[in-house]
Amino acid sequence: MRISDLQSKDVVNIGDGKRLGSIGDLEIDTDSGLIRALVVPGQGRFFGMVGGGHDYVIPWHQIVKIGSDVILVDLRPVQDTGYYIPPQSGKKGTGGY
């Protein structure tokens, strides 16, 4: 899968069904080469520079499913989801990794 393939998909939060937008950027771990998080520009942002709103930084472990036209994410705090995060990961829940 290419980055452009990811950028063409809508990102939807399964917690409330809200469409968050499309991927504007990725956070990549330069040591491992793995994607750490997806960045979705906040509403009213244009190329992440102009406008208001906050960006959604979605850690990789909160991606539920990557489908053909949508990426489902779960933005609830980890303690509310029942997901297991290994203690050595240093992850602290929503937004932490």
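Each reported figure results from applying straightforward, stated rules to the coordinates on display, with no laboratory input. Every value quoted in this text rests on a predicted model; they were computed, and no experiment measured them. All Cβ positions, glycine included, derive from the backbone under ideal geometry; neighbour counts span all protein chains shown.
Filter segment 9-28 for residues that are in contact (Cβ under 8 Å) with a residue 24 or more places away in the chain and under 16 Å from Gly67 (Cα atoms) and give the result.
Lys9, Asp10, Val11, Val12, Asn13, Ile14, Leu20, Gly21, Ile23 - these are the residues of segment 9-28 that are in contact (Cβ under 8 Å) with a residue 24 or more places away in the chain and under 16 Å from Gly67 (Cα atoms).
Under the condition of being β-branched (Val, Ile, Thr) and surrounded by 12 or more Cβ atoms within 10 Å (Cβ to Cβ), which residue from segment 5-33 is nearest to Leu75 (Cα to Cα)? Steps first, answer last, please.
First, the residues of segment 5-33 that are β-branched (Val, Ile, Thr): 11-12, 14, 23, 28, 30.
Going one step further and asking which of them are surrounded by 12 or more Cβ atoms within 10 Å (Cβ to Cβ), we end up with 11-12, 14, 23, 28.
Working: Val11: 11, Val12: 10, Ile14: 8, Ile23: 15, Ile28: 20 Å.
The extreme case among them is Ile14.
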